[in-house]
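Student: Shown below is the structure under consideration.
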Amino acid sequence: MARKIFIAATGQNCGKTTTSLSLLHLARKKYGRVGFMKPLGPKPAMLRGIPMDKDAALMAQVFGLTKDLRWMSPVVVYPDTTRKVIDGEISPIELRERILEANAELEKQCDFIIIEGSGHPGVGSVMKLSNARIARMLDAPVLMVTGGGVGNVVDSVSVDLALFEKEGAQVRAILANKLVAHKRGQILDYLQRAFADEPFPVIGGFDYQPVLANPTLDRVSKLLDLPLHGNRRDMKRIINNVQIGAASTQRVAELLRDSTLLIVTSSRDELLVTLANLYQMPEYRTKIVGLVIPGIIPVSTITQQILERSRIPFLRNYTHTTAELYHIITEDVSKITAEDTEKLALIRNLAETRLDFDRLDALFGP
């Protein structure tokens, strides 16, 4: 019988996928055959011609689980799926059987399986397949991932526990994630005392790591649906800061911070030329990731030539204002992809230094 952990969360962006990546990385050091399943996948993707959830595709690529593709994402949810279920065109029983079949196949092959839920525990209820119901259906004990607060975490977990109890799923541990580093000990102490009467422990996850949420240049290119010009070798660079080039040329250069994406309008020839030249200097290369150039006014011919010769990465936009671009880029929550090698390396390192896998493994035993 394979050992299983169902990764649930109090809401989106708590760190379910990061937790799954971490536990799979650690489990592979202890178990011979490790598997992954996203029973209900709301983010459709294609991998090797097989429709599946993006998170399942990520795990398959990162950990070489391509032999399991058929079973890793048994139910992919498309925009019209819920309506078809309510209209009777898709049977919840059929979806349930797909998940059970995938689980049975993975259990034959694996010693350890990570099962990742979707959103908060109630997601999927419209299809009679909430996270809580799936966890019970698969007889998988639950690791609940939360944010790094106190009051909001206690409130959210208390509500979610009612659903798991109703469905008969067992929560074995709470993983408090995205903790503020200098408050880590204090927050964990409060949470442990708040849940002292519960049958599960509260375990510390990762400290908040902005770099994991920050986009790469490639991500911004896809987000804005714009081709990237210039040095494509920088596509995977992580953007730590977004700066609007509204000040004087000298002031913009002085304000540059580490790994900055600059939004500079097409009429700022002097600033564009200066940044293109700075990009070629080693001391500025670490500061400048690239440019987004909005504006209906064409970039002057000579400035365009300087941009192209410098190889500075840039995206040319004609449809959004500077303020709109800044909002779109900074409000985006960047999800990890298989190409994000820097982020994946950081997650592996954090997993080995922050997570006590042996303790978790013991908690989730039969």
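The values are calculated or read from the model by the stated rules, or taken from the named source; none is laboratory data. What you see is a predicted model, and the numbers here were worked out from it, not measured in a lab. Note that each Cβ is placed from the backbone with ideal geometry, even for glycine, and that neighbours are counted across all protein chains shown. Note: areas computed on protein heavy atoms with side chains; ligands, DNA, RNA excluded. Shrake-Rupley method; radii C 1.70, N 1.55, O 1.52, S 1.80 Å.
Student: Fully extended, how many nm does the chain gain between Gln61 and Glu339 (0.36 nm per residue separation, minus their Cα-Cα distance)? If you can, show how the numbers build up before the last one.
Tutor: On the way: separation 278, 0.36 × 278 = 100.08 nm, distance 0.93 nm.
Additional length available on full extension: 99.1 nm.
Student: Same structure again: Roughly what would the spin-label model give for Gln186 and Met46, points 7 Å off Cα along C-beta, in nm?
Tutor: 5.2 nm
Student: Between Lys128 and Asn277, what is the label-point separation in nm under the 7 Å Cα-to-beta-carbon projection?
Tutor: If labels sit at Asn277 and Lys128, their model points lie 7.1 nm apart.
Student: Starting from the Cα-Cα distance between Leu69 and Gln250, subtract it from 0.36 nm times their residue separation and give me the gain in nm to one decimal.
Tutor: Fully extending the segment from Leu69 to Gln250 adds 59.8 nm.
Student: I would also like to ask the following. Scan the chain and hand back the longest stretch that contains none of the trypsin sites (Lys or Arg not before Pro) lying in DSSP loops with at most 11 other Cβ atoms within 10 Å.
Tutor: Here the longest segment lacking exposed loop sites spans 49-256.
Student: Right, another one. Using θ = phi - 60° and the Karplus relation 6.51 cos²θ - 1.76 cosθ + 1.60, list the HN-Hα couplings for segment 288-293 in order, rounded to whole Hz, with x at every Gly or Pro.
Tutor: 9, 7, x, 10, 10, 10
Student: Here is a follow-up. How far, in degrees from 0 to 90, does helix 301-310 lean away from the longest principal axis of the Cα atoms of the chain, to the nearest 10?
Tutor: 50 degrees
Student: Sticking with this structure for a sec: With every protein chain kept in place and ligands, DNA and RNA left out, what is the accessible area per residue of the chain? Probe 1.4 Å, answer in Å². If you can, show how the numbers build up before the last one.
Tutor: Values: 17030 Å² over 366 residues.
On a per-residue basis, 47 Å².
Student: Sticking with this structure for a sec: How far apart, in nm, are two points set 7 Å out from the Cα along the Cα-to-Cβ line at Ala196 and at Asn240?
Tutor: About 4.1 nm separates the two model spin labels.
Student: While we're looking at this one, here's another question. How big is the antiparallel share of DSSP beta bridges in the chain, given as a percent to the nearest 5?
Tutor: Antiparallel bridges: around 15 percent, rounded to the nearest 5.
Student: Okay, next question. Loop-only check: which chymotrypsin sites (Phe, Trp or Tyr not before Pro) in segment 311-353 are DSSP coil with at most 12 other Cβ within 10 angstrom? Before the final figure, lay out each step's value.
Tutor: Working: sites: Phe314, Tyr318, Tyr326; in loops: Tyr318.
Here the sparse-neighbourhood loop sites are Tyr318.
Student: When a/c reaches 1.5 or more, the comparison of a/b and b/c decides; with that in mind, is segment 256-325 rounded, prolate or oblate per its Cα gyration tensor?
Tutor: Cα axes put segment 256-325 in the oblate bin.
Student: In the full protein assembly as shown, how much of Glu105 is accessible to a 1.4 Å probe, in Å² to the nearest 10?
Tutor: For Glu105, solvent-accessible area is about 40 Å².
Student: Over segment 217-312, what percent of the accessible surface lies on carbon and sulfur atoms, probe 1.4 Å?
Tutor: About 52 percent, which is the carbon plus sulfur part of the accessible surface.
Student: Between segment 143-221 and segment 61-126, how many Å separate their Cα centres?
Tutor: Value for the Cα centre distance between the two parts: 24 Å.
Student: Relative to the longest principal Cα axis of the chain, at what angle does helix 341-354 sit, 0 to 90 degrees, rounded to 10?
Tutor: Taking the Cα atoms of the chain, the angle to 341-354 is about 50 degrees.
Student: Hey, what angle do you get for helix 92-109 against the long axis of the chain, alpha-carbon based, 0 to 90 degrees rounded to 10?
Tutor: Value to nearest ten degrees: 90.
Student: Gly148: net charge of surrounding residues, Cβ under 10 Å, Lys/Arg +1, Asp/Glu -1, itself excluded? If you can, show how the numbers build up before the last one.
Tutor: Working: positive: Lys178, Lys183, Arg184; negative: Asp207.
Charge balance in the 10 Å sphere: +2.
Student: Work out how much length Thr321 to Gln170 would gain on full extension: take 0.36 nm times their residue separation and subtract the Cα-Cα distance, in nm to one decimal.
Tutor: 49.4 nm
Student: Starting from the amide H of Ile263, placed 1.01 Å from N in the peptide plane, find each other amide H under 5 Å away whose residue is 5 or more places distant or on another chain.
Tutor: Gln243, Ile244, Gly245, Val292
Student: Ignoring everything except DSSP H segments at least 4 long, calculate the 222 nm mean residue ellipticity for the chain; use -39,500 (n - 2.57) per segment, divide by total residues, nearest 500.
Tutor: It comes out at -12500 deg cm²/dmol, rounded to the nearest 500.
Student: Something else now. In what sequence, largest accessible area first, do Asp356, Asp189, Asp340 appear using a 1.4 Å probe?
Tutor: Asp356, Asp189, Asp340
Student: Continuing with the same structure: Over segment 101-170, with every protein chain in place, what whole percent of the accessible area is carbon and sulfur at 1.4 Å, could you tell me?
Tutor: Numbers: 1240 of 2610 Å².
Roughly 47 percent, rounded to a whole number.
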